[in-house]
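Heads up: the structure comes next, in structure tokens.
Every number here is computed from the coordinates shown, using simple stated rules; none is lab data. Everything numeric here is computed off the predicted structure, so don't read it as measured data. Glycine gets a Cβ as well: all are built from the backbone with ideal geometry, and neighbour counts include every protein chain shown.
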Amino acid sequence: MESEYREVLQEVEGIQRAQTKEMKDQHKRNLGYELHDLIWNIAELANRFGIDLEAACLEKRQINEGRKFSDKPRD
């Protein structure tokens with residue numbers, strides 16, 4: 001899964017460096033493919049360990065609703 005994450009980051013960097021709309025569009029398309037692969041691997045991992053991913057996401061969303069996040073802009 002580490003390689004999938006690295007490929008996502010490469011496409012994000014590609015979008016940021018793209019000099020033309022066509023290059024940016026291609027990196028965005030590729031990013032969609034890589035995000036699919038990453039999500040697929042996460043779902044497979046959850047299944048392997050018997051984790052109800054939907055329930056975990058709902059629970060985590062409730063936890064996050066009560067959290068205070070920094071207003072500091074992200075780089």
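Table: residues versus (1) surrounded by 10 or more Cβ atoms within 10 Å (Cβ to Cβ); (2) among the aliphatic types (A, V, I, L, M).
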site: L9; (1), (2): yes, yes
site: K28; (1), (2): yes, no
site: R48; (1), (2): no, no
site: D52; (1), (2): yes, no
site: G66; (1), (2): no, no
### Message
Name the single residue that is nearest to N41 (Cα to Cα) among those in the stretch 1-19 being more than 13 Å from the chain's Cα centre (by Cα) and not in a helix (DSSP H, G or I).
### Response
A18
### Message
So, D37, is that one assigned to a helix (DSSP H, G or I) and more than 16 Å from the chain's Cα centre (by Cα) or not?
### Response
no
